[in-house]
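Peer 1: Sending over a structure as structure tokens; questions will come in a sec.
The values are calculated or read from the model by the stated rules, or taken from the named source; none is laboratory data. As the structure is a prediction and not an experimental result, all values here were calculated from the model. Cβ: placed from backbone, ideal geometry, glycine included. Neighbour counts: every protein chain shown. Calculation scope for accessible area: heavy atoms of the full protein, side chains included, ligands and nucleic acids excluded. Shrake-Rupley method; radii C 1.70, N 1.55, O 1.52, S 1.80 Å.
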Amino acid sequence: MYQFLFFDFDGTISDTGPGIMRSAAYALARYGLHPAEAELRAFIGPAPNHRFREYYGMDEARTAEATGLFRAMYEARGKFEHSLYPGMAELLRELSAAGRSLAVASAKPLPLVREILSGDGIMGCFTAVCGSDPEGRPVEKGAILGAAMEALGVTDPGSAVMIGDRSLDVLGAQAQGLACVGVSYGYAEPGELEAAGAIKICASVAELREFLMGA
């Protein structure tokens, strides 16, 4: 049984996709870009500055400008356009009540993660909450997860597992010597989690509960 459980946030705990995609579309429209929803989905999970730079070839100045536009829309509207996945709050409370140690390891800016968790009434389930740099400076998922592991006092990687919906979660876990459970109800592309090396794929919160309560 895994004692330490590290959860990604976007696409794993909460369906934050609508607000993120709206914010990305708003920023890109300023540059005459109007991508389809399938392209906007790439913004769910990684920090937006990475996507503006990697997908659209923006230089540092334009990346910073686009990220600022994204954040302005997300703060005004996007952060409210989310919902916990069905059964997630109950699962987190059950795991916490069972004495498991839970943490969030998210690429989302830490203040936003804390605000949303508090608003959804589940902050108390977590011993630690770790996120990315509030100013958007690059932080690898493995480094965020490493900070969460340190906060929980993990000394044996075999006692811990990461739960996430994108390959970045799997790779970040591997960088810290952890296994990763992939959740396909999030925003991964078909085969993405398997290719990255997730040890288990759960198609629903119910399947995730079954695995974690028995793992």
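Peer 1: Go through (1) farther than 13 Å from Phe6 by Cβ; (2) in a helix (DSSP H, G or I); (3) hydrophobic (A, V, I, L, M, F, W, C); (4) out of contact with any strand residue (DSSP E or B) (no Cβ under 6 Å at 6 or more places or on another chain) one by one and return the number of the condition Ala188 breaks.
Peer 2: (2)
Residue-by-condition table, conditions (1) open to solvent by 30 Å² or more (accessible area, probe 1.4 Å); (2) part of a helix (DSSP H, G or I); (3) within 22 Å of Met21 (Cβ to Cβ); (4) not acidic (Asp, Glu):
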{"position": "Arg62", "(1), (2), (3), (4)": "yes, yes, yes, yes"}
{"position": "Gly68", "(1), (2), (3), (4)": "yes, yes, yes, yes"}
{"position": "Glu90", "(1), (2), (3), (4)": "yes, yes, no, no"}
{"position": "Ser106", "(1), (2), (3), (4)": "no, no, yes, yes"}
{"position": "Met149", "(1), (2), (3), (4)": "no, yes, no, yes"}
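Peer 1: Still on this model: Against the conditions (1) open to solvent by 60 Å² or more (accessible area, probe 1.4 Å); (2) more than 15 Å from the chain's Cα centre (by Cα), where does Gly153 fall short? Just the number, please.
Peer 2: (1) is the only condition that Gly153 fails.
Peer 1: Oh, and also: Considering only residues that are of a type in the set (A, V, I, L, M, F, W, C), in a helix (DSSP H, G or I) and either at pLDDT 95 or above or closer than 23 Å to Leu117 by Cβ (or both), which ones fall in segment 30-51?
Peer 2: Listed by number, the list holds a single entry, Phe43.
Peer 1: Report, ordered by the first and then the second residue, all pairs with beta carbons closer than 7 Å, sequence separation of six or more or different chains, a first member in segment 176-199 that is free of Cβ contacts under 8 Å to residues at least 60 places away in the same chain and hydrophobic (A, V, I, L, M, F, W, C), and a second member that is open to solvent by 40 Å² or more (accessible area, probe 1.4 Å) and assigned to a loop (DSSP other than H, G, I, E, B).
Peer 2: Qualifying pairs under 7 Å: Ala179/Ile199; Cys180/Ile199; Val181/Ile199; Leu193/Ser184.
Peer 1: Which residues, counting only those in segment 158-175, are open to solvent by less than 60 Å² (accessible area, probe 1.4 Å) and more than 13 Å from the chain's Cα centre (by Cα)?
Peer 2: Gly158, Ser159, Ala160, Val161
Peer 1: Going by the conditions given, is Thr16 within 19 Å of Leu110 (Cβ to Cβ), at pLDDT below 95 and hydroxyl-bearing (Ser, Thr, Tyr)?
Peer 2: The answer is yes for Thr16.
Peer 1: Among the numbered conditions (1) surrounded by fewer than 18 Cβ atoms within 10 Å (Cβ to Cβ); (2) under 16 Å from Ile44 (Cβ atoms), tell me where Gly78 comes up short.
Peer 2: Here Gly78 meets the rest and fails (1).
Peer 1: Here is a check on your reading of the model: is Tyr26 open to solvent by 40 Å² or more (accessible area, probe 1.4 Å), under 18 Å from Glu81 (Cα atoms), modelled with pLDDT of 95 or more and not polar (S, T, N, Q)?
Peer 2: When the stated conditions are applied, Tyr26 passes them.
Peer 1: OK, next. Please state which one of Val154, Val139 is modelled with pLDDT of 95 or more and not in a helix (DSSP H, G or I).
Peer 2: Val154
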